Amino acid sequence: MKIFIQIGQDQQRGQAEAAENRNYLAQRMTDEMHEIIRVLQLTTYDEDEWDADNVTVMRKALSAAKSLLTAALDWLGDPRARPGAVGEKAIRRILDYADRIASRALPEDSYAIKRSISEIQSLTDAICELRNQGRYDNEGLAVSCAQKLKELVGTKHSSGMLPDALMNAHRMGGANPAHTAAGRLEQALRWLDNPGVDDGGLGLRAMKLMTEDARRLADGLNPQD
C-alpha cells in the first residue's frame with residue numbers, strides 16, 4: 001500500500017503494477033476478514049453446553065472441526081499462503097477440537113486421534129517454517145497434511161477418525177473411563193463386583209487403562225524398582 005501511494009505521489013513509473021498489487025492485497029484482506037466472520041459464526045458456542053455428556057460434547061466439537069476444514073485445506077493448497085493466516089489458525093483449531101474428542105473417546109479411538117494430531121501438528125509446523133523462510137517448495141508436505149486432515153475430520157467420501165470415535169462412543173452409551181486413577185479404580189471394582197450388570201464395557205476399559213498406565217510407569221523406573 002505504501003509503495004502504491006509513494007509511486008502515485010512521485011508520478012513514478014510502474015503505477016499500473018503497483019495498483020494491481022494494491023488491489024490484490026485489498027482483496028486478500030477482505031477475503032480473510034470474511035473468512036474470520038464465517039468461522040466465528042460457525043464455531044461460536046455456549047460454554048455451559050460443553051459440560052454436557054460425552055456424546056454431546058464430541059458431537060459439538062466434530063461440528064466445529066468440520067466447519068473449519070475448508071479454510072484449512074485452502075491454506076494448504078496455496079503454497080504462498082502465509083503462516084498466521086486464517087487457514088493455519090483453522091488447522092490449529094481443528095486439532096484443539098480433535099484433542100477434545102480424543103479426551104472423551106474410547107481408548108483405541110483416542111490413541112489413533114492423538115497420533116494423528118501429533119503428525120498434523122508436525123507437518124503444519126514444518127510448512128510454516130518453510131513459508132516463513134520464503135520457500136514455496138512445500139507442496140509435498142501440504143498434500144500430506146491435507147490428506148491427514150481429511151482422514152481425521154472426514155469428508156463426503158470417507159467417514160474420518162473423529163466421526164468414527166463419536167459413533168463408537170454413542171454405541172457405548174457415552175460412558176467413558178474416568179480421568180483419574182482413583183475414578184478408574186472405582187469403575188473397575190464396580191464392574192468386578194457386579195458381574196451380571198452390563199456396563200457397556202466401561203469397567204473393562206477402565207481396567208485396561210490402569211494397567212497401561214502402570215506399564216508406562218514401570219518402563220520409566222529403574223530395573224530394580
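General observations
- Separation between Cα centres of the stretch 66-103 and the stretch 156-225, rounded to whole Å: 30 Å
- Cleavage-rule hits, chymotrypsin sites (Phe, Trp or Tyr not before Pro), the stretch 88-179, DSSP coil, Cβ neighbours within 10 Å at most 12: Tyr136
- Note on the stretch 49-172: dipole from Cβ charges, positive end direction compared against Ser103, Ser158, Thr124; the farthest Cα belongs to Ser158.
- Prolate/oblate/rounded call for the stretch 70-188, Cα gyration tensor, a/c under 1.5 rounded: prolate
- Around Leu123: net Lys/Arg minus Asp/Glu count, Cβ-Cβ under 12 Å: -3
- Net charge of Cβ neighbours under 13 Å - reference Arg135; Lys, Arg +1; Asp, Glu -1: 0
- Here the stretch 101-170 is assigned +1 on the Cβ of each Lys and Arg and -1 on the Cβ of each Asp and Glu. Its dipole about the Cα centre then comes out at about 140 debye.
FYI, it's all coordinate maths here, none of it is from the lab. Every value quoted in this text rests on a predicted model; they were computed, and no experiment measured them. Here the Cβ is made from the backbone with ideal geometry for all residues, glycine too, and neighbour counts use every protein chain on show.
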